[in-house]
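All remarks here apply to the structure that follows.
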Protein chains: 2
Amino acid sequence: MLLAEPGMTPASWREHYERSGTPTDIERFLEHVRVDYLPHTVLVDCTASAAIAARYADWLAAGIHVVTPNKRANSGDLTYYRRLREARRAGGSHYLYEATVGAGLPVVHTLRDLCETGDEVVSIEGILSGTLAYLFNVYDGNSSFSEIVGAARQRGYTEPDPRDDLSGTDVARKITILGREMGLGLELADVKVESLVPAELRGGSIEDFMQQLPRFDSMMRGRLDSARARGKVLRYIGRLTAAGEASVGLAELAQSDAFANIALTDNVVRFATRRYCENPLIVQGPGAGPEVTAGGVFADLLRLAAYLGARL
Amino acid sequence: MLLAEPGMTPASWREHYERSGTPTDIERFLEHVRVDYLPHTVLVDCTASAAIAARYADWLAAGIHVVTPNKRANSGDLTYYRRLREARRAGGSHYLYEATVGAGLPVVHTLRDLCETGDEVVSIEGILSGTLAYLFNVYDGNSSFSEIVGAARQRGYTEPDPRDDLSGTDVARKITILGREMGLGLELADVKVESLVPAELRGGSIEDFMQQLPRFDSMMRGRLDSARARGKVLRYIGRLTAAGEASVGLAELAQSDAFANIALTDNVVRFATRRYCENPLIVQGPGAGPEVTAGGVFADLLRLAAYLGARL
């Protein structure tokens, strides 16, 4: 880590870091940022670390605001999630995490506005993984599924280990976050997840996985063909109902379905509520990537500033 | 108007109003709500009145917050709009108007988040009138355009005078509001508006208008046919670019265009920005009606409460 007083220019941080960096020590970091002469402290956690997320409760209770795109705290243990809410209340602090779902797309705040103004959410459905959106937008049977996964990996559209996308866990985390936001006592384990990683390939190296994946192409091809026989297309969808049913997996959709017609790596979220009943409220667009995620985090930071009395 | 201390139950306001109502007097109303023992005053203007909107600047300058779905102030004279911004700054007050565009849909705040976090808006396009969306979703040549307008009016989908919808002014107001939000010095008169009210029918009673409208059916039918000859559909669209080009009118769209496939009275807004360049950010759903508009206004009110330090 690198501590500096009073700050540093973005242009030269790397040079400073190489010269004066020290081993990461969160306690020292906190001492550094929490100084008497500054009225507010906010930690922007841009890691994906469960260990950092485990500290939020203490920080919030101590009046330190937290802004994060890290899904770990909100999709982790429910008891801890509830402790976060209490800590925030006790500490008079703010906890903002719009970018945990759909990056910069207005998803979490839209849901919160609906709930806080007395609407009742009936269901939320979404394509919440740009990677899985891409794979099934492209998969038309001309290339095998494993070839498409391989090509997507080459182009940087998947995680280094594509199993991190194909397992559906990331989508299940997002569904958990949205479910809790609408008031459900949902655990990640309650989300029925259809993993696209064949059971035999869950262990082993990335190279092994990529090499073995073609063995399962015919299975995926069978699903595509049977969907097509019914005039449908395959999409990887997350679903959530007011009754707490939560699932993530492959679904067959009509070709006219809005979810069947999104652009390459788009995310899309559809809120059906008591108010938005005949037609749902839909938010759609790129839902991953450094720039739009940074935009979502930055918007939360400005919202926090407004909550704290800044005139923007 | 009806003033009460300390308030009244929603169930019986009508009865109270009939017994104790007095002629509307904004000055007396202000005296009533601005009392020393309450820390904040907010006026929620749910009229469509230009006369009320003309008072916002004084109220904001005096530290009174304003929440409104009324489009008049933000789409009126640009000098006044700028005075509003200054008054808000001088008074340390908040001015919130999410429901002026798309009712409860997250449009204004999404645009503001993009701009404030340093994104650059390239263009905004939208179907911003539920009425016009409905008319062109339904108009397929089987019924004449005037029949469709008549039926929509019967079902309460249009204003009492359908010319208020068909003139395009309402959409132009929304485009003006969005343009100013993205920093353009736009006047309503700068928006190129294609009115669907034939010039000869602009005056006269509603009945005259409805009676004369069939005379223009063949003209509209000609436009539909020529669009179809090119494999296109007709939609009434508002457009806005970073260079300040603003227009509102009928456009021919490909049948695969997202705007060609919205449900009946849906609004849809498409933001193309430097960040959202390959695929735009899209917000879609019912954009008019009392319940969703009230939801948008209420969400603004809760946002204001959060800005003022309420713990929600």
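Throughout, read-outs are computed from the coordinates displayed, never taken from laboratory work. Owing to the predicted nature of the structure, the values given are computational and were not obtained by experimental measurement. Neighbour counts run over all protein chains shown; Cβ positions are idealised from the backbone, glycine included.
General observations
- In nanometers and ordered shortest first, the copy-to-copy spacing of the B:N142 label point, defined 7 Å from Cα toward Cβ, is 3.6.
- Per residue, the average separation of C-alpha pairs within less than 8 Å and at least 6 apart gives region A:1-88 a relative contact order of 23 percent.
- Taking the label point 7 Å along Cα→Cβ, A:T79 and its counterparts in the other copies are spaced 6.7 nm apart, in ascending order.
- log10 of Debye I(q)/I(0), alpha-carbon scatterers only, for chain B at 0.08, 0.09, 0.11, 0.12 Å⁻¹: -0.42, -0.52, -0.76, -0.89
- Spread of Cα-to-Cα distances over 5 Å intervals beginning at zero, given as percent, for region A:51-110: 4, 21, 28, 26, 16, 5
- Among the GluC sites (Glu not before Pro) found in region A:30-135, those both in a DSSP coil and sparsely packed, with 16 or fewer other Cβ atoms within 10 Å of their Cβ, are A:E120.
- Summary of packing: across the peptides A:137-148, B:55-66, the per-residue average of other C-beta atoms within 10 Å ranks them, highest first, as B:55-66, A:137-148.
- Average projected area [Cα convex hull, region B:1-67], square nanometres: 5.1 nm²
- Counting all C-alpha pairs of region A:79-182, share separated by more than 16 Å (%): 67 percent
- Shape of region A:148-255, Cα gyration tensor, a/c cut at 1.5: oblate
- Converting phi to 3J(HN,Hα) with the Karplus coefficients 6.51, -1.76 and 1.60 and the offset θ = phi - 60°, region B:30-35 yields 4, 4, 5, 8, 8, 10 Hz in sequence order, with x at every glycine or proline.
- Shape summary: the protein assembly as shown maps onto an equivalent ellipsoid whose semi-axes, from the alpha-carbon gyration tensor, are 42, 36, 22 Å in decreasing order.
- Here the peptides B:33-41, A:257-265, B:201-209, B:282-290 are ranked by packing, the mean other Cβ count within 10 Å, and the order with the highest first is B:282-290, A:257-265, B:201-209, B:33-41.
- Unit Cα scatterers, Debye sum, region A:32-82: log10 I(q)/I(0) for q = 0.26, 0.27, 0.28, 0.31 Å⁻¹: -1.03, -1.08, -1.14, -1.29
- Computed FRET value (nearest 0.05) for A:E245 with B:E86, which takes r as the C-beta separation and R₀ as 45 Å: 0.30
- Calculated label separations, B:R112, copies of the chain, 7 Å along the beta-carbon direction, nm: 1.4
- Structure-based [θ]222 nm, chain B - -39500 (n - 2.57) summed over DSSP H runs of at least 4, per residue, nearest 500: -11500 deg cm²/dmol
- Peptide B:285-291 - average C-beta neighbours from other chains (10 Å radius): 4
- Using only side-chain charges placed at the Cβ, +1 for Lys and Arg and -1 for Asp and Glu, the dipole size of region B:241-285 relative to its Cα centre rounds to 220 debye.
- Measuring against 28 Å, Cα to Cα, the residue pairs B:K174/B:K232; A:K174/B:K174; A:K232/B:K174; A:K174/B:K232; B:K71/B:K192 contain A:K174/B:K174; A:K232/B:K174; A:K174/B:K232 as the ones spanning a longer distance.
- Of all beta-carbon atoms in chain B, the one sitting closest to the axis that brings chain B onto chain A gives B:P106, 2, with the distance in whole angstrom.
- Fraction of beta bridges assigned by DSSP in chain A that are antiparallel (%, nearest 5): 80 percent
- Solution diffusion estimate, µm²/s, Stokes-Einstein, region A:218-312, Kirkwood Rh from C-alpha pairs, 10 °C, viscosity 1.306 mPa s: 96 µm²/s
- Structural descriptor for region B:38-172: relative contact order 16 percent, calculated from alpha carbon pairs under 8 angstrom and at least 6 residues apart.
- Here the Kirkwood formula, the inverse mean of 1/r across different C-alpha pairs, assigns region A:1-153 a hydrodynamic radius of 18.8 Å.
- Amide H within-cut-off set for A:V67, under 5 Å, with H built and near neighbours excluded: A:L43, A:V44, A:D45, A:L96
- Alpha carbon centroid spacing (whole Å) that separates region B:1-49 from region A:213-253: 55 Å
- 3J(HN,Hα) from dihedral phi, region A:194-201, Karplus parametrisation 6.51/-1.76/1.60, rounded to Hz, x for glycine, proline: 9, 7, 8, 8, x, 3, 5, 10
- In plain terms, the bigger the Kirkwood radius, the slower the diffusion; for region B:170-217, with that radius from Cα pairs, at 10 °C and 1.306 mPa s, Stokes-Einstein puts D at 124 µm²/s.
- Amide H contacts of B:L196: B:S167, B:G168, each under 5 Å away and 5 or more positions distant or on a separate chain (H built 1.01 Å from N in the peptide plane; Pro and chain starts excluded).
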